[in-house]
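Q: Following this message is one structure expressed as structure tokens.
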Amino acid sequence: MDGGREFFAYRDGRLHAEDLPLEIISREVGTPVYVYSKAAFLHALKSLEDAFKGSRHLICYSVKAASNLSLLALVAERGLGADIVSGGELYRALKAGVSPRRIVYSGVGKTAREMREALEAELFMFNLESEGEMLELARVAEEMDKVAQISFRVNPDVDPHTHPYVATGLKESKFGVSREEARRLYAEARKIPWFKVIGIGCHIGSQLTELAPFRDSLLILADLARELRSQGHNIRYLDMGGGVGIRYRDENPLSLSAYAEMSLKAVSDIPDLTLVVEPGRSVAGNSAVLLTRVLYNKRNGGKRFVVADAAMNDLIRPSLYGSYHAVWPLNERPGAALSPAALVGPVCESGDFLAKDRELPDLAPGDCLAVKSAGAYGFSMSSNYNSRPRAAEVLVSGGDFRVIREREDYESLVSGEDILQLN
């Protein structure tokens, strides 16, 4: 899914987000700064809604992809749900106005406190991922006299053909349970009066650009759902997870209509079944850019380095995954001579880079660049490493913008800390 590149384009030689020249944001807000296009974000959501239109489905946006409250409010305004993996994400989703009856809680390490918070909020469904977690949720639910609606995340052992760090559906993954284990756990869960078993789920990985892994995993899950139904389990929801990839460079993203058609066909013979879809990257990925300013140029051993003010703590994907993000100057330079360069940041790590061996024009200190496709797992994975304040976030709508997260300052870096005097 391309999800928003048309919302970031050169006009009269200046790079725009929608109708706004990005140089205005770099000048007025400073850099580094994440810039989201409201239109791109909403377009990506609507494209998925349109693909599944007329079917029994629930779209739950994956909060971990990009979790700013303003973005989550856009999800809530459309009446969509949220896929969460922590108590903090639950708090964000509720604060943004997402209905708790449309929140699915996944993740392998839910704590008792997080379970209590979710039960108190009366969220829609827990995706359980181990026997230990099942027993702990049963204990907490009994303690609170609350009934938890549950499903189990099943590991279908399907190769998603993606980066190993984001492949979550193979048997060696920490996520989910095997089909054999699932059969046993469903039988055990049925005996627990604090549970209402309503679903079955899986999520095989992220940044998938082939339809076959989705189809293979969904057919496995659908077969298991039929089997469980025949045994008396009231499986009404099949959570197919997310994982639809986007174009960072030369990928050929899936057709959403083909994706939806395949998904619905796989479960067409199961009556009264609702598909739960959990998009994250496919909505947020191409909805934002990261703006950074050139600080210095240098050469070491004949290699060219462009040192900028954004670093791996701002966007860790290139360092962590070897990910490619296109880099565009804010001012177009048609016909400019290009030469290989590494775009690096100030962090004291050799792995601190935003681009390697990239053909870039000559750049001077003060020039601004846009790192493309930075909306998913960009700011949400950022950190304060090297005691660097995290970047600001901005939302553009048409020709206007507003800051939706203020840039951190030095005081915020030490907020909550104290100097302990030891005798």
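Q: Taking only pairs six or more apart or across chains, which ones have beta-carbon atoms under 8 Å, a first residue in region 88-100 that is over 19 Å from Leu58 (Cα atoms), and a second residue that is of a type in the set (Val, Ile, Thr)?
A: Arg92/Val63
Q: Only one of Leu74, Leu48 is touching a Lys or Arg at 6+ places or on another chain (Cβ under 8 Å) and surrounded by 16 or more Cβ atoms within 10 Å (Cβ to Cβ). Can you tell me which?
A: Details: Leu48 fails: touching a Lys or Arg at 6+ places or on another chain (Cβ under 8 Å).
Going through Leu74, Leu48 in turn, the sole match is Leu74.
Q: Which one of the conditions (1) modelled with pLDDT of 95 or more; (2) in contact with a Gly (Cβ under 7 Å, 6 or more places away or on another chain) does Tyr296 fail to meet, given that it meets all the rest?
A: With respect to (1) modelled with pLDDT of 95 or more; (2) in contact with a Gly (Cβ under 7 Å, 6 or more places away or on another chain), Tyr296 is out only on (2).
Q: Which ones in region 278-299 are assigned to a strand (DSSP E or B), closer than 17 Å to Glu393 by Cα and polar (S, T, N, Q)?
A: The initial filter retains those residues of region 278-299 that are assigned to a strand (DSSP E or B), namely 288-299.
If we keep only those that are closer than 17 Å to Glu393 by Cα too, we end up with 288-293.
The one that is assigned to a strand (DSSP E or B), closer than 17 Å to Glu393 by Cα and polar (S, T, N, Q): Thr292.
Q: Which ones in region 119-130 are buried (at least 23 other Cβ atoms within 10 Å of the Cβ) and touching a helix residue (DSSP H, G or I) at 6+ places or on another chain (Cβ under 6 Å)?
A: Within region 119-130, Leu123, Leu128 qualify.
Q: Could I ask something else about it? One residue is enough: does region 212-227 have a residue meeting the conditions in contact with a strand residue (DSSP E or B) (Cβ under 8 Å, 6 or more places away or on another chain) and not in a helix (DSSP H, G or I)?
A: no
Q: For residues that are of a type in the set (S, T, N, Q) and closer than 23 Å to Gly81 by Cβ, scanning just region 214-253, find the one that is modelled with the lowest pLDDT. I'd like the intermediate steps shown before the answer.
A: Taking region 214-253 as the starting set, the residues that turn out to be of a type in the set (S, T, N, Q) are 217, 230-231, 234, 252.
Those left that are additionally closer than 23 Å to Gly81 by Cβ: 217, 234.
Working: Ser217: 90, Asn234: 95.
If we take residues in region 214-253 being of a type in the set (S, T, N, Q) and closer than 23 Å to Gly81 by Cβ, then Ser217 is modelled with the lowest pLDDT.
Q: Out of the residues in region 189-211 that are surrounded by fewer than 19 Cβ atoms within 10 Å (Cβ to Cβ), over 21 Å from Val283 (Cα atoms) and not β-branched (Val, Ile, Thr), which is nearest to the chain's Cα centre (by Cα)?
A: Lys196
Q: Could you check region 344-387 and list, in sequence order, the residues that are assigned to a strand (DSSP E or B) and aliphatic (A, V, I, L, M)?
A: Here is the first cut: in region 344-387, the ones assigned to a strand (DSSP E or B) are 344, 353-361, 368-371.
Residues satisfying the conditions are Val344, Leu354, Ala355, Leu360, Leu369, Ala370, Val371.
Q: For the structure I just gave you, tell me whether Arg407 is part of a loop (DSSP other than H, G, I, E, B), among the basic types (Lys, Arg), modelled with pLDDT of 95 or more and in contact with a Gly (Cβ under 8 Å, 6 or more places away or on another chain). Spell out how you get there, then give the answer.
A: Working: part of a loop (DSSP other than H, G, I, E, B): yes; among the basic types (Lys, Arg): yes; modelled with pLDDT of 95 or more: yes; in contact with a Gly (Cβ under 8 Å, 6 or more places away or on another chain): yes.
So Arg407 passes the test.
Q: Another question, then. Has region 227-244 got at least one residue that is under 20 Å from Val371 (Cβ atoms), of a type outside the set (D, E, K, R), touching a residue at least 24 places away in the same chain (Cβ under 8 Å) and surrounded by 15 or more Cβ atoms within 10 Å (Cβ to Cβ)?
A: Keep residues of region 227-244 that are under 20 Å from Val371 (Cβ atoms), which gives none.
Within region 227-244, none of the residues are under 20 Å from Val371 (Cβ atoms), of a type outside the set (D, E, K, R), touching a residue at least 24 places away in the same chain (Cβ under 8 Å) and surrounded by 15 or more Cβ atoms within 10 Å (Cβ to Cβ).
Q: Quick one: in region 251-283, of everything that is more than 18 Å from the chain's Cα centre (by Cα) and among the β-branched types (Val, Ile, Thr), which residue is surrounded by the most Cβ atoms within 10 Å (Cβ to Cβ)?
A: Per the stated criteria, the residue is Val267.
Q: Restricting to region 300-343, give me the number of residues that are in contact (Cβ under 8 Å) with a residue 60 or more places away in the chain, part of a loop (DSSP other than H, G, I, E, B), farther than 15 Å from Thr31 by Cα and hydrophobic (A, V, I, L, M, F, W, C).
A: Number of matching residues: 2.
Q: Scan region 102-113 and tell me whether some residue there is under 29 Å from Ala288 (Cβ atoms), crowded, with 20+ Cβ neighbours inside 10 Å and touching a residue at least 60 places away in the same chain (Cβ under 8 Å).
A: There is at least one residue in region 102-113 that is under 29 Å from Ala288 (Cβ atoms), crowded, with 20+ Cβ neighbours inside 10 Å and touching a residue at least 60 places away in the same chain (Cβ under 8 Å).
For (1) closer than 20 Å to Ser373 by Cβ; (2) surrounded by fewer than 24 Cβ atoms within 10 Å (Cβ to Cβ); (3) basic (Lys, Arg), each residue gets a yes or a no:
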position	(1), (2), (3)
Phe52	no, yes, no
Arg56	no, yes, yes
Ser62	yes, no, no
Ile84	no, no, no
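The values are calculated or read from the model by the stated rules, or taken from the named source; none is laboratory data. Since the structure is predicted, the reported quantities are computational estimates derived from the model, not experimental observations. A quick note on method: Cβ atoms are made from the backbone with ideal geometry, for glycine too, and the neighbour counts reach across all protein chains shown.
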